[in-house]
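First up is the structure itself, then whatever we jot down about it.
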Amino acid sequence: LVADPTLLDYAAQNEIIIATPITLVALLKAIAFGFRQEAIASNIEDVRRLSQQLIERVEKVSSHFEKLGKSLKSATEAYNQTLSSLDSRVLVTARKIAQIKSMANETDETVIKPLPVLDTVPREIPGMERGT
């Protein structure tokens, strides 16, 4: 470099790096740092893409649960309406017949038990909004 000051320019134009042992170590550390930064950037992009995918999937599952909840409520209401109709229209007469039969034969005490009504209010989970 002392004898030919244009040597660095010539080396750079020909894609040659002139390095001493000390500058070579520093150069290799800089290259390693660059590779690490590239790997981190790649990982960040993977995390961003996977996070977006997870958000979309959670939204889809949430909409399925909302639809399922509405269907369960509708099915429960239909069950309770059918049960009410059964109790007021059919079982009342069946109980009367059973009472007449048990008076004729006192050893046969048939009792028609009422069926349970289902609760139509879904369970509340703290921190979650309830759909309409």
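Remarks
- Using R0 = 30 Å, the C-beta based FRET efficiency linking S63 and Q37 works out to 0.15.
- Of the GluC sites (Glu not before Pro) in region 14-103, those whose Cβ has at most 11 other Cβ within 10 Å and which sit in DSSP loop: E15
- If you plug the beta carbon distance of A30 and D4 into 1/(1 + (r/R0)^6) with R0 = 35 Å, you get a FRET efficiency near 0.85.
- Placing dummy labels 7 Å off each Cα toward the beta-carbon, the span from S74 to V121 is 2.4 nm.
- Using R0 = 41 Å, the C-beta based FRET efficiency linking A12 and R48 works out to 0.65.
Where a number appears in this text, it was derived from the coordinates with a stated rule and is not lab data. Note that this is a predicted model, so its numbers are computed, not measured. With ideal geometry, Cβ positions are generated from the backbone for all residues, glycine too; neighbour counts draw on all protein chains shown.
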